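Report on the structure given below.
Bear in mind that the values in this text are calculations on the coordinates, not laboratory data. Here the structure is a predicted model, which is why all the values come from computation and not from measurement. Cβ placement follows ideal geometry from the backbone for every residue including glycine, while neighbour counts extend to all protein chains displayed.
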Amino acid sequence: MSTTTQQYRPSRGDVAGMWTFLGAGAVIAVWAVVAAVLRIIEVLPNRDVQVPAEFAGTVAEAPIGPDGAGVPVVLDRASITAETLPALSVASLVIEQVIAAATVVVVVVCLVLLSWSVMRGRVFSRRNTRLVTIAGFTGLIGYAAVPFFANMAANGAFAEISGRAFDNVVMAVDLAPLLLLAFISALATVVFSIGDRLQRDTEGLV
């Protein structure tokens, strides 16, 4: 019995699209690292630090009435500025940026390596399955960890500004997208695992 290895042969259009994807991925990864470094440089002096914050049913007045009259509104999110932050809040902001940049870089690198493998005619393999799994679960962990540390920093800013008299502890992690991302990650891993198994089963057949 003669043997052969079946491989996907990308068209020229596929290759052009892949190169575009690789270029876009490189730009996104560089942008994420630069943005994180700039934010860390902004935060580390710990002077007049702006911190995005989410509010839990906090009522404020906005000048949107007749002739700019104040109208009560419920704050959902805003940017607050603290003259200084507790050391733990500064550390949380730095960790937030490091995790955000690392998450983007890891996901992009995995997808770039996956695209490169596809361009070379190999779609399903154990290596590609591992890349999909790493990308999916890295994105999942990053999605949960980034707002967690951002929330810690925001609560420190609230405590510093209000003299610890304002309690606004909010966990700013939306569970619906998190669960959807977990489902997509698991599904992609299963699909690539099955594809790899089927391809190995068919290799060696005429």
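Computed values, structure above
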quantity: Neighbour cut-off at most 16 other Cβ (10 Å), DSSP loop, trypsin sites (Lys or Arg not before Pro), the range 35-83; calculated: R47
quantity: L88-V27 FRET efficiency (beta carbon distance; Förster radius 30 Å; 0.05 resolution); calculated: 0.30
quantity: Sequence-distant residues sharing a close amide H with R122 (under 5 Å, placed H); calculated: none
quantity: Added length on full extension, which subtracts the Cα-Cα distance from 0.36 nm per residue, L75 to Q50; calculated: 7.3 nm
